[in-house]
Amino acid sequence: MIYMVEQPKETIIKIIQVKSRKRITFPKAVRDILNIKDNDHLMFIKDNQPGVRIQKVTIEIVNSLNRMER
């Protein structure tokens, strides 16, 4: 017996070109989807799939001296 499993569909948002300075600019559509603002952090994830995933992350910096004072 063969079971068919439907793969999640991918949507191409935009294709960009890497210029001579080796920098990329995230298209506005991507910034809107990820809700990227100034000083946000992004994580680039390489897993068993080809390519790299990008995810917005929250980094909390805790000052150990302030925690001890409480």
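Bear in mind that the values in this text are calculations on the coordinates, not laboratory data. Everything numeric here is computed off the predicted structure, so don't read it as measured data.
Miscellaneous remarks
- Computed from backbone phi with θ = phi - 60° and the Karplus coefficients 6.51, -1.76 and 1.60, the 3J(HN,Hα) list for region 23-30 is 10, 10, 10, 6, x, 4, 4, 5 Hz; x is used for glycine and proline.
- Per-residue 3J(HN,Hα) values for region 31-44, derived from phi via the Karplus relation 6.51 cos²θ - 1.76 cosθ + 1.60 with θ = phi - 60°, read 4, 5, 4, 8, 6, 7, 10, 3, 6, 6, 10, 10, 10, 9 Hz in sequence order (x marks Gly and Pro).
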